[in-house]
Amino acid sequence: MKKILLYLIVSLIYPTEYYISTLGDSLNPGTFNSPFLYVQQAVDIMEAGDICYIRQGVYSENIIIDNKDGTVGVPIIFTSYNDERVVFDGTTSINTEWIPYSNNIWMTELDFDVLDVIQLVNIILY
């Protein structure tokens with residue numbers, strides 16, 4: 001019982017920091033010097049009090065944050081590292097055939113939704 005209590009106290013005092021980089025690797029442990037490649041890798045293991053620092057770059061991935069809860073005093077935080085510019089690009093390459101529509105306007109058919117690009121400021125889960 002004492003070991004569990006000590007672990008809880010230490011994890012509340014010292015949150016785990018994870019790092020993501022477009023230069024990272026999916027096999028890395030998510031440290032500053034060996035960052036994850038995907039945000040989802042951090043999402044999957046983060047707990048209340050943890051912080052995810054996302055390095056500058058453009059990220060194109062589906063991120064599912066499910067059953068992750070922090071509290072007002074111990075949130076889960078996703079933020080850019082040192083105010084670097086982080087962009088989540090939800091656009092998808094269009095590889096279908098384009099055909100002339102009218103007056104130098106071209107058209108194609110899409111079988112998916114068109115999404116926007118957002119810039120990360122901070123995401124805090126309570």
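The values are calculated or read from the model by the stated rules, or taken from the named source; none is laboratory data. Please read all numbers here as calculations on a predicted model, not as lab measurements. So basically every Cβ, Gly included, is an ideal-geometry build from the backbone, and we count neighbours across all protein chains shown.
Below, the figures for the structure above:
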{"item": "Condition check for Thr91: assigned to a loop (DSSP other than H, G, I, E, B) and either modelled with pLDDT of 95 or more or small (Gly, Ala, Ser) (or both)", "result": "no"}
{"item": "Among (1) part of a helix (DSSP H, G or I); (2) at pLDDT 95 or above, the one test that Leu12 misses", "result": "(2)"}
{"item": "Of all residues in the stretch 16-30 being part of a loop (DSSP other than H, G, I, E, B) and surrounded by 18 or more Cβ atoms within 10 Å (Cβ to Cβ), the one that is nearest to the chain's Cα centre (by Cα)", "result": "Ser21"}
{"item": "Residue check for Tyr53: at pLDDT 95 or above, more than 10 Å from the chain's Cα centre (by Cα) and closer than 23 Å to Asp25 by Cβ", "result": "no"}
{"item": "Residue identified as free of Cβ contacts under 8 Å to residues at least 24 places away in the same chain and among the aromatic types (Phe, Trp, Tyr) among Tyr14, Tyr81, Tyr53", "result": "Tyr14"}
{"item": "Residue, surrounded by the most Cβ atoms within 10 Å (Cβ to Cβ), within the stretch 38-50, restricted to residues that are within 10 Å of the chain's Cα centre (by Cα) and not aliphatic (A, V, I, L, M)", "result": "Gln41"}
{"item": "For Ile105: the one exception among (1) over 28 Å from Ser21 (Cα atoms); (2) surrounded by fewer than 10 Cβ atoms within 10 Å (Cβ to Cβ); (3) touching a strand residue (DSSP E or B) at 6+ places or on another chain (Cβ under 9 Å)", "result": "(3)"}
{"item": "Residues located in the stretch 94-110, provided they are aliphatic (A, V, I, L, M) and in a loop (DSSP other than H, G, I, E, B)", "result": "Ile94, Leu110"}
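This table checks each residue for (1) under 20 Å from the mean Cα position of the chain (by Cα); (2) at pLDDT 85 or above.
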{"position": "Val74", "(1), (2)": "yes, yes"}
{"position": "Phe78", "(1), (2)": "yes, yes"}
{"position": "Tyr81", "(1), (2)": "yes, yes"}
{"position": "Arg85", "(1), (2)": "yes, yes"}
{"position": "Glu97", "(1), (2)": "no, yes"}
{"position": "Asn104", "(1), (2)": "no, no"}
{"position": "Asp111", "(1), (2)": "no, no"}
{"position": "Leu115", "(1), (2)": "yes, no"}
{"position": "Tyr126", "(1), (2)": "yes, no"}
